[in-house]
Amino acid sequence: MAENPISTAYPINEIFETIQGEGQFTGVPSIFVRLQGCPVGCPWCDTKHTWELKEAARVEAAGVVNKTGPSEHWAELSAADIVALFRDQGYRAKHVVITGGEPAMYDLRPLAAELELLGYRLQIETSGTFTLLVSADTWVTVSPKLDMPGGYLVRPDCMQRADEIKYPVAMQKHIDALDNLLSRCPPRPEVSISLQPISQRPRATELAIKTCIARNWRLSVQLHKYLNIE
């Protein structure tokens, strides 16, 4: 798939309202807009059903709202369609999280313009491997994916644009890899850095806590998994 196709329509895997469980906005009521498509190939990914954009899996808008379980079904929705869906569902949250998949594969500026005009705050969760086409006010959370099977490299411009870096860890080698990335692709001084234990493993959690205290970083514990919500 071409990088950042310019379009006012997006392949949507699901849309739902919940509480943000990760990073800087943990605990904030949020509307999640999950896009279909991702070539990065993270082995521990918990949304592998979003990787492929299959024409046979295309459905109508109703098929992506409040799904009862993960599926590769997706619907093509315009920014106006998405706004109308928020209204029809009676969503109250004003924080919108654009996630995936890999949402930075698409030009998100038309969607941002539509939502920000109505008073929504946008956050994008990205691996940092594609050019970011977002609004100036979009909060960019980069979760760097290093040495993944897809072979994509984390982009220096994404690291510079990041408002928050949220990094999954399990072992010391992951901390070392992050240190190397921060040295090669330094973010802005004011960036927030969070460590996220992979799959809530006790050893990973202990390592993340120890490192966060030593570095004065933040701990992201995937609150939604502890609460058993989406």
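What to note about this one:
- Some residue of the stretch 207-214 being within 16 Å of SER127 (Cα to Cα) and hydroxyl-bearing (Ser, Thr, Tyr): no
- Restricting ALA61, ALA56 to residues that are out of contact with any Gly (no Cβ under 9 Å at 6 or more places or on another chain), open to solvent by 30 Å² or more (accessible area, probe 1.4 Å) and in contact (Cβ under 8 Å) with a residue 12 or more places away in the chain narrows the list to ALA61.
- Meets criteria (buried (at least 18 other Cβ atoms within 10 Å of the Cβ), out of contact with any strand residue (DSSP E or B) (no Cβ under 7 Å at 6 or more places or on another chain), touching a residue at least 24 places away in the same chain (Cβ under 8 Å) and not polar (S, T, N, Q)) for TRP51: yes
- Residues in the stretch 191-227 that are at pLDDT below 95 and part of a loop (DSSP other than H, G, I, E, B) were compared, and the one that is surrounded by the most Cβ atoms within 10 Å (Cβ to Cβ) is SER220.
- Residues (more than 13 Å from the chain's Cα centre (by Cα) and either β-branched (Val, Ile, Thr) or open to solvent by less than 30 Å² (accessible area, probe 1.4 Å) (or both)) located in the stretch 164-175: VAL169, ALA170, ILE175
- Comparison of VAL134, VAL140 shows that the only residue that is touching a Cys at 6+ places or on another chain (Cβ under 9 Å) and at pLDDT 95 or above is VAL140.
- Residue match in the stretch 114-123 (condition: closer than 16 Å to ILE12 by Cβ, over 18 Å from the mean Cα position of the chain (by Cα) and not basic (Lys, Arg)): yes
- The number of residues in the stretch 18-44 that are crowded, with 17+ Cβ neighbours inside 10 Å and farther than 25 Å from ARG92 by Cβ comes to 6.
The values are calculated or read from the model by the stated rules, or taken from the named source; none is laboratory data. For clarity, every value in this text was computed on a predicted model and none was experimentally measured. Here the Cβ is made from the backbone with ideal geometry for all residues, glycine too, and neighbour counts use every protein chain on show. Each accessible area value is taken on the protein alone, full model and side chains, heavy atoms only, with ligands, DNA and RNA left out. Shrake-Rupley method; radii C 1.70, N 1.55, O 1.52, S 1.80 Å.
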